[in-house]
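Novice: Pasting a structure below so you can have a look.
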Amino acid sequence: MKVHVHLAYGFGEARWGRRFDDGQLIGVNERDAYGYRHAAPMVGAMTSSVDHPEGRFGRLVRLGFRAVLGFDFLHAWRNRAALRAADVVWTHTESQHLAVSQVFALQRVPRARQPRLLAQSVWLIDRWDRLSALRRAYYRRLIRRADVLTFHSRDNLAMAATRLPGTRRELVLFGINAATITPPVRDPAGAPLIISVGNDVHRDWPTLIAAVARHPDWRLRIVSTKCPPALAAGIPNVEIAGVSTNPELTALWRQATIAVVPLSPNAHASGITVLQEAALNGVAAIASDVGGLRDYFDADSVSYYPSGDVDALERAIAHLLGDAEARYAQAVAAQRRMGPEGLSSYAFARRHVEISQALVSGSAD
């Protein structure tokens with residue numbers, strides 16, 4: 001089985017690898033984007049998309065197509081030979097799988113003769129009802145070329161069942177590099193510190209800041225380049241600042257007493273990367289109960305509160321800050337979920353292999 005992994009422009013092995021080696025990728029990463037290369041020993045051969053060189057004009061044309069179509073068609077078109085040569089194509093988001101389907105359609109590849117396509121979506125179903133009727137019809141036509149639609153959350157899976165009936169759908173839990181694990185400690189050195197990391201548009205910073213502002217003795221560090229500094233104006237115990245290096249981020253995890261992932265309603269497991277990073281760093285976490293996060297961590301592993309509920313978040317923070325044993329037990333439980341048989345980039349890649357083998361063999365999973 002020959003697998004081709006089609007990723008977003010800029011995520012090709014050469015460019016991503018250089019950025020990884022230079023320490024430009026902040027957070028838990030590995031030398032290939034999302035760890036798909038873990039699957040290489042499990043399949044016959046594996047290739048991945050190439051970021052073809054483009055000048056200023058070429059980039060402008062590619063981004064223009066993307067703005068009009070809603071997906072990166074030109075990047076897929078440049079990789080069309082590798083796409084056609086594969087038995088199975090894996091994509092990471094809807095921008096890739098819609099583009100791949102468009103390439104096959106333009107090449108007039110009969111549906112029965114095209115490579116099997118695993119069409120992974122992240123944001124598409126969240127946004128589906130806001131798309132125009134014309135764009136929904138266009139996307140449905142392209143999606144019909146996919147053999148399996150994959151999603152990171154059961155919420156997304158359920159929404160897809162009503163919006164894209166007749167499609168085959170699978171849950172694929174997202175995982176990060178779980179090679180390095182730091183055992184939890186009951187009491188980190190220094191004054192208690194709450195950290196909140198992330199740049200996702202679904203971060204609910206106002207609720208978190210409102211909860212912490214009620215307690216001048218609490219200390220919050222928001223690690224984000226997207227959180228508006230004005231939200232913390234006049235609140236001395238809240239700091240908003242990004243980090244520029246991984247050692248700086250690691251130092252914050254070592255100082256952290258708890259982590260909070262505040263989220264607005266979504267269906268695509270927003271925040272799951274940070275929850276896994278917290279688990280790997282041995283830090284107990286609190287998160288909004290949205291997006292299907294319980295598919296990853298149950299209530300023994302993460303403290304959940306209703307999205308937007310300042311009072312409930314305040315109580316959850318107070319409980320964990322005041323109970324070292326509860327923090328420790330929760331961090332241990334979350335950490336047990338990580339690893340090759342649980343949540344990890346290895347397990348994520350292996351799940352793609354399992355679905356692909358079923359497709360190639362013609363069996364139903």
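Novice: By the gyration tensor of its Cα atoms, with a ≥ b ≥ c the square roots of the eigenvalues, what is the shape of the stretch 1-103: rounded for a/c under 1.5, prolate for a/b over b/c, or oblate?
Specialist: Note, shape of the stretch 1-103 comes out oblate.
Novice: Taking the inverse of the average 1/r across all pairs of different Cα atoms in the stretch 199-354, what Kirkwood radius in Å do you get?
Specialist: 16.1
Novice: Ranked by accessible surface with a 1.4 Å probe, highest first, in what order do Arg113, Arg294, Arg351, Arg221 come?
Specialist: Arg113, Arg294, Arg351, Arg221
Novice: At 1.4 Å probe size, with every protein chain present, just tell me what the per residue accessible area of the chain comes to in Å².
Specialist: Accessible surface, normalised per residue, equals 44 Å².
Novice: Could I ask something else about it? Can you give the angle from 0 to 90° between the axis of helix 154-163 and the longest principal axis of the chain, with both taken from C-alpha atoms, to the nearest 10?
Specialist: Tilt of helix 154-163: around 40 degrees.
Novice: Same structure again: Roughly to the nearest percent, how much of the accessible area of the chain is carbon and sulfur, given a 1.4 Å probe?
Specialist: 54
Novice: Please compute the contact order of the stretch 74-155 in relative form: average sequence separation of alpha-carbon pairs under 8 Å and at least six residues apart, divided by the residue count, as a percent.
Specialist: The normalised contact order for the stretch 74-155 reaches 35 percent.
Novice: Give a residue-ordered list of calculated ³J(HN,Hα) values for the stretch 85-96 (Karplus: 6.51 cos²θ - 1.76 cosθ + 1.60, θ = phi - 60°; whole Hz; x for Gly, Pro).
Specialist: Computed from phi, the couplings for the stretch 85-96 are 7, 8, 7, 9, 10, 9, 10, 9, 9, 4, 4, 7 Hz.
Novice: Given the peptides 280-288, 136-144, arrange them by the average over their residues of other C-beta atoms within 10 Å, most packed first. It would help to have the intermediate numbers written out before the result.
Specialist: Working: 280-288: 25.9, 136-144: 15.4.
Ranking, from highest mean packing down: 280-288, 136-144.
Novice: Would you grab the residues whose amide H sits under 5 Å from the one on Asp72? Only those 5+ places off in sequence or on another chain, please, with H modelled 1.01 Å from N.
Specialist: HN-HN under 5 Å from Asp72: Ala99.
Novice: Right, here's the next one. When only C-alpha pairs under 8 Å and at least 6 residues apart count, what is the relative contact order of the stretch 139-241, in percent?
Specialist: Worked out over the stretch 139-241, it gives 20 percent.
Novice: Next up: Sort 117-124, 354-361 for me by packing, meaning the mean count of neighbouring Cβ atoms within 10 Å per residue, highest on top.
Specialist: 117-124, 354-361
Novice: Please give the direction-averaged projected area of the C-alpha convex hull for the chain, in square nanometres with one decimal.
Specialist: Taking the Cα atoms of the chain, their convex hull projects to 18.6 nm² on average.
Novice: Choose one of Ala85, His6, Leu142: the residue whose Cα lies farthest towards the positive end of the charge dipole of the stretch 1-145 (beta-carbon charges +1 Lys, Arg; -1 Asp, Glu; about the Cα centre).
Specialist: Checked the options; the winner is Leu142.
Novice: Expressed as an acute angle from 0 to 90° and rounded to the nearest 10, what is the orientation of the C-alpha long axis of helix 324-336 relative to the principal long axis of the chain?
Specialist: Roughly 10 degrees between the two axes.
Novice: Would you mind working out the magnitude of the charge dipole of the chain relative to its Cα centre, with +1 at each Lys and Arg C-beta and -1 at each Asp and Glu C-beta, to the nearest 20 Debye?
Specialist: 1960
Novice: Please tell me the relative contact order of the stretch 194-264 in percent, rounded to the nearest whole number, where contacts are Cα pairs under 8 Å and at least six residues apart.
Specialist: Taking the mean separation of contacting Cα pairs over the length of the stretch 194-264, I get 46 percent.
Novice: So, one more: Say the dipole of the chain comes from +1 at the beta carbon of Lys and Arg and -1 at that of Asp and Glu; which of Phe297, Leu117, Gln330 then lies farthest toward its positive end?
Specialist: Leu117
Novice: Report the dimensions of the stretch 211-256 along its three principal axes from the alpha-carbon atoms, largest first, rounded to Å.
Specialist: Projected onto its principal axes, the Cα set of the stretch 211-256 covers 31, 22, 13 Å.
Novice: Hey, if you put +1 on the Cβ of every Lys and Arg and -1 on every Asp and Glu Cβ in the chain, which of Ser307, Pro165, His268 ends up farthest toward the positive end of that dipole?
Specialist: Of the listed residues, the answer is Pro165.
Novice: Then there is this: Which order do peptides 169-178, 308-317, 14-23, 89-98 fall in by mean Cβ count within 10 Å, highest first?
Specialist: 89-98, 169-178, 308-317, 14-23
Novice: Does the stretch 19-177 classify as rounded, prolate or oblate by the C-alpha gyration tensor (a ≥ b ≥ c root eigenvalues; a/c under 1.5 gives rounded; else a/b over b/c gives prolate, otherwise oblate)?
Specialist: On the way: a/c = 1.31, a/b = 1.16, b/c = 1.13.
Rounded, because the longest to shortest axis ratio a/c is under 1.5.
The values are calculated or read from the model by the stated rules, or taken from the named source; none is laboratory data. Because the structure is a prediction, the values reported are computed rather than measured. Note that each Cβ is placed from the backbone with ideal geometry, even for glycine, and that neighbours are counted across all protein chains shown. The protein model used for the area step is the full one, side chains on, heavy atoms only, and it has no ligands, DNA or RNA in it. Shrake-Rupley method; radii C 1.70, N 1.55, O 1.52, S 1.80 Å.
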